[in-house]
Amino acid sequence: MKKLLIANRGEIAIRVIRTAKEMGIATVAVVSEADRGSNVERIADETHVIGPAPAGLSYLNQDAILHAAAVSGADAIHPGYGFLSENAGFARRVQEAGLIWVGPSPESIELMGDKSRAREAASAAGVPVLAGTEGPLDTDGDIEAVADSIGYPLVVKASAGGGGRGIRRIDSREDVRGTVEVAQAEALAAFGSSDVYFERFVTRARHVEVQLLGDGETWLHLGDRDCSMQRRQQKVIEEAPAPGLPDELRARMRASSVELARQAKYIGAGTVEFLYDPERQEVAFIEMNTRLQVEHPISEAITGIDLVREQLRVASGEKLGYTQEDIRFDGHAFEFRINAEDPANNFMPSPGLIESLQLSGGPGVRADFGFSAGQTVMPFYDSLLGKVIVWGPDRAQARARAARVLGETEISGIKTTVPLMRRLLELEDFAAAEHYTTYIESVPGLLGADA
């Protein structure tokens with residue numbers, strides 16, 4: 001690998017460029033017209049404009065990205081996360097163009113992208129799954145009887161869904177048919193497929209996941225993470241390792257995730273996501289993400305392994321060169337997603353000029369940001385400004401350090417989630433790791449009215 005094109009924007013593009021530079025790999029940025037002058041363009045070795053502001057005409061424009069690769073002489077493409085990162089068709093086109101695809105095979109992406117097929121594969125690998133339908137739901141059959149057999153509440157999920165989208169809760173038999181029809185319509189509009197399936201709903205569930213690496217011959221995990229603090233099924237705060245899991249359950253979750261990667265002949269970095277039911281002390285498979293996760297830095301923080309470096313090495317044909325026994329876990333880490341949003345106004349995006357941006361520092365502190373003071377947050381893309389990652393020798397010390405770091409973090413000119421992060425960090429439920437995926441919505445007054 002000599003020259004890498006990063007088919008993404010913002011903080012993840014910068015993250016990939018930094019590691020590539022350290023490895024002596026030249027970098028090519030692609031930007032929309034709206035992202036001209038961005039930090040990505042400033043630090044990349046060269047930049048190509050791939051279209052106007054709308055993502056469908058730029059960052060999702062496969063022809064434009066492949067043309068930029070050809071013109072620039074890039075021999076590899078890293079998709080980051082989001083956009084085309086889990087698009088099997090794009091991965092296949094990259095390979096057919098003679099380029100290195102930094103990610104798993106198109107076949108692995110297709111298998112895990114179909115959530116009902118992925119559930120079947122997980123079950124076959126010994127990964128625990130929730131009670132639910134095997135394969136897509138036969139909506140011409142007696143779906144009420146199927147729902148009755150699983151029990152209420154349950155959820156109907158889009159088979160091609162992901163990222164918390166395409167999910168609807170069903171609380172009674174009378175709601176089954178109508179909710180399924182709505183979910184099918186949503187799934188078709190969002191993912192191009194109306195296939196759905198049923199799964200038991202876990203009240204006050206926690207969201208935990210396992211970070212995986214594979215090179216085609218060796219598969220291993222880099223520990224687990226907890227991503228339970230969410231808003232509208234989108235992650236807000238993540239931490240590693242996941243606190244409060246029973247030892248036997250943690251070991252089973254990790255081992256079965258590695259076995260799933262082995263059976264799928266998975267190559268590169270991937271994540272297996274689970275729901276954890278604290279009442280039953282059970283974990284169950286949600287999905288496998290065939291890409292780098294937003295929260296990958298906290299796994300890096302507790303292992304000392306650069307996941308992007310490993311992605312690039314494995315994509316180039318190198319072997320990992322180490323085994324599970326070589327992985328050492330040290331301390332505890334949190335990641336705080338800083339978004340340009342107004343929590344007090346239903347998390348509405350807050351585009352505009354960043355008048356000032358003051359980040360913290362000190363031991364164990366890392367900030368991955370795509371923006372600087374004086375730049376404008378555009379309304380066309382995801383509202384993520386950047387991520388603050390904090391490490392400490394244990395959870396209590398990491399949390400205390402995070403409180404200091406967030407207290408020193410100041411962003412003006414736009415609304416951000418920083419004040420909410422400070423409040424969440426102070427909660428007794430968070431300190432005790434007793435929060436759950438719908439916690440933010442369930443606590444009255446938590447969102448407040450930030451100045």
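When you check residue 363 against the structure, is it assigned to a loop (DSSP other than H, G, I, E, B), at pLDDT 95 or above and surrounded by fewer than 21 Cβ atoms within 10 Å (Cβ to Cβ), yes or no?
yes
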Kindly indicate whether any position in region 405-412 is within 27 Å of residue 35 (Cα to Cα), more than 23 Å from the chain's Cα centre (by Cα) and crowded, with 18+ Cβ neighbours inside 10 Å.
-> yes
Conditions: (1) crowded, with 21+ Cβ neighbours inside 10 Å; (2) in contact with a Lys or Arg (Cβ under 7 Å, 6 or more places away or on another chain); (3) of a type in the set (Gly, Ala, Ser). Residue 26 meets all but one. Number of the miss?
-> (1)
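Conditions (1) farther than 22 Å from residue 306 by Cα; (2) over 20 Å from the mean Cα position of the chain (by Cα); (3) modelled with pLDDT under 95; (4) not polar (S, T, N, Q), marked per residue:
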position: 28; (1), (2), (3), (4): no, yes, no, yes
position: 38; (1), (2), (3), (4): yes, yes, no, no
position: 51; (1), (2), (3), (4): yes, yes, no, yes
position: 63; (1), (2), (3), (4): yes, yes, no, yes
Could you please find all residues in region 181-201 being surrounded by fewer than 22 Cβ atoms within 10 Å (Cβ to Cβ) and either under 20 Å from the mean Cα position of the chain (by Cα) or among the hydrophobic types (A, V, I, L, M, F, W, C) (or both)?
-> 182, 185, 188, 189, 190, 191, 201
Could you grab me the full set of residues in region 386-416 that are touching a helix residue (DSSP H, G or I) at 6+ places or on another chain (Cβ under 6 Å) and part of a loop (DSSP other than H, G, I, E, B)?
-> 409
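Residue by residue, here is whether (1) in contact with a Lys or Arg (Cβ under 6 Å, 6 or more places away or on another chain); (2) assigned by TED's automatic domain parsing to the domain that holds residue 436 holds:
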| position | (1), (2) |
| --- | --- |
| 139 | no, no |
| 142 | no, no |
| 156 | yes, no |
| 168 | no, no |
| 172 | no, no |
| 189 | no, no |
| 195 | no, no |
| 213 | no, yes |
Out of (1) assigned by TED's automatic domain parsing to the domain that holds residue 176; (2) in contact with a strand residue (DSSP E or B) (Cβ under 7 Å, 6 or more places away or on another chain), what's the single condition that is false for residue 75?
-> (1)
Name, by its number, the condition in (1) buried (at least 21 other Cβ atoms within 10 Å of the Cβ); (2) outside any loop (DSSP other than H, G, I, E, B); (3) not acidic (Asp, Glu) that does not hold for residue 89.
-> (1)
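Identify the residue in region 194-239 that is of a type in the set (Lys, Arg) and not in a loop (DSSP other than H, G, I, E, B) and, among all such residues, is modelled with the lowest pLDDT.
Ranking the qualifying residues of region 194-239, first place goes to 200.
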Could you identify the single residue in 5, 57 that is among the aliphatic types (A, V, I, L, M), over 21 Å from residue 374 (Cβ atoms) and free of Cβ contacts under 8 Å to residues at least 40 places away in the same chain?
-> 57
Within region 313-323, restricting attention to residues that are surrounded by 14 or more Cβ atoms within 10 Å (Cβ to Cβ) and either assigned by TED's automatic domain parsing to the domain that holds residue 76 or not hydroxyl-bearing (Ser, Thr, Tyr) (or both), which residue is nearest to residue 251 (Cα to Cα)?
-> 320
From the options 264, 160, residue that is crowded, with 19+ Cβ neighbours inside 10 Å, at pLDDT below 95, under 21 Å from the mean Cα position of the chain (by Cα) and not assigned by TED's automatic domain parsing to the domain that holds residue 322 | 160
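Quick grid of which residues meet (1) modelled with pLDDT of 95 or more; (2) charged (D, E, K, R); (3) in contact with a Pro (Cβ under 9 Å, 6 or more places away or on another chain):
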{"position": "313", "(1), (2), (3)": "yes, yes, no"}
{"position": "332", "(1), (2), (3)": "yes, no, yes"}
{"position": "359", "(1), (2), (3)": "yes, no, no"}
{"position": "370", "(1), (2), (3)": "yes, no, no"}
{"position": "384", "(1), (2), (3)": "yes, no, no"}
{"position": "389", "(1), (2), (3)": "yes, no, yes"}
{"position": "396", "(1), (2), (3)": "yes, no, no"}
Restricting attention to region 325-360, which residues are within 23 Å of residue 19 (Cβ to Cβ) and in a helix (DSSP H, G or I)?
-> 326
Looking at region 1-86, what strands (runs of 3 or more DSSP E) fall wholly within it and have at least 1 residues that are more than 19 Å from residue 109 (Cβ to Cβ) and of a type in the set (S, T, N, Q)?
-> 26-32, 46-51
Pairs returned, first residue in region 356-385 that is farther than 15 Å from residue 410 by Cα, second residue that is aromatic (Phe, Trp, Tyr) and part of a loop (DSSP other than H, G, I, E, B), beta-carbon separation under 7 angstrom, 6 or more apart or interchain, are 377/371
Of the numbered conditions (1) within 29 Å of residue 396 (Cβ to Cβ); (2) in a loop (DSSP other than H, G, I, E, B); (3) touching a Phe, Trp or Tyr at 6+ places or on another chain (Cβ under 9 Å); (4) not hydrophobic (A, V, I, L, M, F, W, C), residue 243 satisfies every one except a single condition; which is it?
-> (3)
What's the number of the condition residue 238 fails, among (1) without any contact (Cβ under 8 Å) to a residue 40 or more places away in the chain; (2) in contact with a Lys or Arg (Cβ under 9 Å, 6 or more places away or on another chain)?
-> (1)
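Among what's in region 306-324 and is part of a loop (DSSP other than H, G, I, E, B) and more than 18 Å from the chain's Cα centre (by Cα), pick the residue that is nearest to residue 20 (Cα to Cα).
By that ranking, first place goes to 316.
The values are calculated or read from the model by the stated rules, or taken from the named source; none is laboratory data. None of the values given here were measured: they were computed from a predicted structure. Note that each Cβ is placed from the backbone with ideal geometry, even for glycine, and that neighbours are counted across all protein chains shown.
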